[in-house]
Amino acid sequence: MSLRVLLLAAMAPALMAQASAQPDFQAQVEAQIQLLRADLARESRQTVAANLPLSAEESRAFWPIYEKYALAQSQLMDRRFEQLRRYAGKYDDMDNATALALEREAFAIQKENLNLVHKYFAKFSGAIGPVKAGRWAQLENTIRSVRELQAMAGIPLLKVE
């Protein structure tokens, strides 16, 4: 399956999510988080391995760096999941200050994600060359987009009156 098809398949639930909360919204968010957390690292590594051809020498250079990247990425995803938990907890009584704080944090996490990819692009460029590092960055951006869409699937938009 191509990455574009995977991205479109992941988008469908998010695009069709209802704009109102389910009665057990917090439980729904927690279940979504646990499901995603279990598969993210394994699936990301498999996707990169399947789509980034590396020689034996390049593999020896690439994968130890990738493991460090994956750990940092996992920590950012944990922050994003925690932010989604707070969103779920305040969904029914969201006030302006909380909405502002949650969005600022979401923007900060997005910025840190971009900075992390930029930092590791430089490391990968030194280890496997800029062309293959560029391919990794493309893969990572697609994987990150799919992760975010999966995390947001079924999570309703903020209520406005």
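The table for this structure:
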read-out	value
Theoretical gain in end-to-end length, GLU67 to ARG79 [0.36 nm per residue, Cα-Cα removed]	2.5 nm
Residues of type lysines that LYS159 reaches as a straight line, Cα spacing below 25 Å, ignoring anything fewer than 8 places off in the same chain	LYS90
Estimated FRET transfer efficiency (GLU57, GLN110; beta-carbon r; R0 41 Å; 0.05)	0.75
Inter-probe distance in nm under a simple model that places probes 7 Å from Cα toward Cβ, at ASN96 and GLN46	4.8
Computed over the stretch 57-136, Kirkwood Rh from alpha-carbon pairs, angstrom	14.4
Kirkwood Rh in Å, taken over the stretch 92-161 so that all alpha-carbon pairs contribute	14.4
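Every number here is computed from the coordinates shown, using simple stated rules; none is lab data. It should be emphasised that the depicted structure is a prediction, and the values quoted were computed from it without experimental measurement. Neighbour counts run over all protein chains shown; Cβ positions are idealised from the backbone, glycine included.
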